[in-house]
Each structure stands twice: as C-alpha cells, then as structure tokens.
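**Student:** Take a look at the following structure, please.
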Amino acid sequence: AEAASLIRAPGQIKLLDPVSRQAVVDSVALGVSRIYWVCGGVMAVGILFALLLPELPLRLRAGLSEAMEQSAPAH
C-alpha cells in the first residue's frame, strides 16, 4: 500500500533517495506509455474494422411514412 500511495504524493517522491525516485518515475512512465500503446493498437484495429465493413444502403423512405401509408384507408 505504501508504494501505491507514492503516486498520489509527489512530495514523498521528492524525499526519496535519487535511485528510488528514478525507479518510481521510470515505473510510472513505463505504465503510462504501455497504456497509450495498447489504446493506440485498439484504435487502429477499430479503424481497420470500420473501413472493412460493407456499406449497406439506407432506405429511401422513413419508417414513419411507410407506417402512415399502411394505416391510411384505401381510396
């Protein structure tokens, strides 16, 4: 629990000896960079899937107008 609380307390990190302080800074930087790499990969896969999806044509008329025509009495 002590190591986890260091992230929220920059003042405590400054009080550490230089070797320990650098280890904390490096571990945070590594964790953040991994998150961005993973998110970038997920976004790239999402974009690829979006580009490969087949284009489906939309209806020419709205569903409301079709429903109104079906419920209208015949002349």
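Bear in mind that the values in this text are calculations on the coordinates, not laboratory data. These numbers come from a predicted model, not from an experiment. Cβ coordinates were reconstructed from backbone atoms using ideal geometry, including for glycine residues, and neighbour counts include every protein chain displayed.
**Student:** What is the gain in length, in nm to one decimal, between residue 26 and residue 44 on full extension, counting 0.36 nm per residue of separation less the C-alpha to C-alpha distance?
**Tutor:** 3.8 nm
**Student:** Now for a separate question. Mean projection of the alpha-carbon convex hull of the chain over all orientations, in nm²?
**Tutor:** Its average projected convex-hull area is 11.0 nm².
**Student:** Let me ask another. Using a Förster distance of 35 Å, how high is the FRET efficiency between residue 4 and residue 52, based on the Cβ-Cβ distance and rounded to 0.05?
**Tutor:** In this case the efficiency is close to 0.25.
**Student:** I want to verify a result. In a Gaussian network model of the chain, Cα cutoff 10 Å, which of these has the top mean-square fluctuation: 16, 56, 64?
**Tutor:** With Cα springs under 10 Å in the chain, the top fluctuation among 16, 56, 64 is at 64.
**Student:** Something else now. What does the charge count near residue 15 come to, summing +1 for each Lys or Arg and -1 for each Asp or Glu among other residues with Cβ under 15 Å from its Cβ?
**Tutor:** My count for the surroundings of residue 15 gives +1.
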